[in-house]
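What follows is one structure encoded as structure tokens, with my remarks underneath.
Computed from the coordinates by the stated procedures, all read-outs in this text should not be read as laboratory data. These numbers were taken from a predicted model, which means no experiment stands behind them. Here the Cβ positions follow ideal geometry from the backbone for every residue, glycine too, while neighbour counts run over all protein chains shown.
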Amino acid sequence: MDGGDRGDGGARGGPAICVFCGSSGAVAEVYRDAATRLGTALGRAGAEMIYGGGRVGLMGLAADAALAAGARVTGIIPRFLRDWEVGHDGIDELVVTETMHERKRLMHDRADGFVALPGGLGTFDETVEAMTWRQLGVSDKPIVLANVAGYWDPFLALLRHAEAAGFVKPEHGAIPAIADGPEEAVALLRRLRAARPPVS
Ligand code: AMP
């Protein structure tokens, strides 16, 4: 899982940032707005956006805004979901995988770090899997939760509960960093990347 670290490998010299977010668009405007703002922030940072490749929901809003702001956008989608989620045909690259696992692996390998916006079970799964890779030491790529309108507060409370009960060890570094909003999430991820020890 530690392969594929391309340094600040975004097309315009910025980082390649993998975005996890909901495939639903039938959500409060504050979440939709955050997805658009995240895409814009990625473009302004010269970053590449890596994501699940859909054009629906927050995923589509973030991708469209990133494209409009000049970011390179790469989608990675399993074949069976390509039609369901209506794969985005306006992005720079749409990689089609055979399985969900292959998708997550490729998203991880191509990214320098992760930002999780609000989302549903798929977003939880992707975020927790990235956290477990850090816990096991097979990845050191930073993860930032964009805690839009406190969306992640119950999840953070669960993590504190698991830590207090002894099931999660803070020294494993799996607990994500937290930002208030999308712009702060991109800035924080870039600071965390800069603070990482150099790849030998
Ligand atoms: P959601 O947050 O549930 O709207 O899903 C966001 C993204 O996660 C979409 O690209 C889904 O394809 C993906 N996803 C949905 N369910 C799963 C799952 N069980 N495992 C991994 N990814 C999923």
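Tabulated values for the structure
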quantity	calculated
Local net charge near Val73, Cβ-Cβ under 10 Å (Lys/Arg +1, Asp/Glu -1)	-3
Gaussian network model of the chain, springs between alpha carbon atoms under 10 Å - residue of Ala187, Ala26, Ala71 with greatest fluctuation	Ala26
When the range 19-165 is reduced to its Cα atoms, the Kirkwood hydrodynamic radius in Å	15.4 Å
DSSP beta bridge pairing in the chain, given as percent antiparallel to the nearest 5	5 percent
Mean separation of Cα contacts under 8 Å, 6 or more apart, over the residue count of the chain: relative contact order %	23 percent
GNM top mover of Pro154, Pro176, Pro118 - the chain, alpha-carbon springs below 10 Å	Pro154
Among Gly181, Gly13, Gly46: highest mean-square fluctuation, GNM of the chain, C-alpha pairs under 10 Å	Gly13
